[in-house]
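Engineer: My questions all concern the structure below.
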Amino acid sequence: MVQSNPPGAMVLIEGKEIGLTPTGVDFTYYGTRELTLIKDGYETKTQLVPIRAPWYQWPVIEFFSDNVLPGRVTDRRSVQFEMEPKRMVPNQELLNRGQSLRNEAQIGQ
């Protein structure tokens with residue numbers, strides 16, 4: 001389950017669109033996943049999220065949990081993201097950056 005404050009951010013896992021927060025997604029393998037949240041008016045947030053295997057998925061124990069435990073065990077995880085409002089860059093600062101890049105390009109030629 002992926003949640004954000006504010007809600008309604010587009011969630012991408014490994015670059016694949018999943019949906020708007022709050023949203024859930026099934027996964028087959030544990031490991032580190034790259035989550036990206038995008039929302040108008042907010043900074044895009046990308047974070048590597050480790051998803052460790054629960055105790056019943058450890059080698060050897062997994063055999064017993066899959067074959068001996070009655071019923072099916074499911075693993076649910078939740079991650080929460082705080083999104084930062086997008087910083088508005090003043091026009092003059094943008095113009096200064098552009099001029100600086102132009103100057104650097106001319107010097108490099």
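Engineer: Filter segment 1-54 for residues that are without any contact (Cβ under 8 Å) to a residue 24 or more places away in the chain and basic (Lys, Arg); which is nearest to Val89 (Cα to Cα)?
Structural biologist: Only one residue tops the list, namely Lys16.
Engineer: Continuing with the same structure: I'm trying to understand the selection: among the residues of segment 23-53, which are of a type in the set (S, T, N, Q), exposed (fewer than 12 other Cβ atoms within 10 Å of the Cβ) and over 9 Å from the mean Cα position of the chain (by Cα)?
Structural biologist: To start, the set of residues in segment 23-53 that are of a type in the set (S, T, N, Q) comprises 23, 28, 32, 36, 44, 46-47.
Next, from what is left, pick out any that are exposed (fewer than 12 other Cβ atoms within 10 Å of the Cβ): 28, 32, 46-47.
Correct list: Thr28, Thr32.
Engineer: Read through the list (1) at pLDDT 80 or above; (2) over 21 Å from the mean Cα position of the chain (by Cα), then give the number of the only condition that Ser65 fails.
Structural biologist: Every listed condition holds for Ser65 apart from (1).
Engineer: Here is a further query. With the requirement that a residue be part of a loop (DSSP other than H, G, I, E, B) and surrounded by 14 or more Cβ atoms within 10 Å (Cβ to Cβ), what does segment 1-22 give you?
Structural biologist: Of everything in segment 1-22, those that are part of a loop (DSSP other than H, G, I, E, B) and surrounded by 14 or more Cβ atoms within 10 Å (Cβ to Cβ) turn out to be Ala9, Thr21, Pro22.
The values are calculated or read from the model by the stated rules, or taken from the named source; none is laboratory data. These numbers come from a predicted model, not from an experiment. Every residue, glycine as well, gets a Cβ built from its backbone with ideal geometry; the counts of neighbours run over all protein chains shown.
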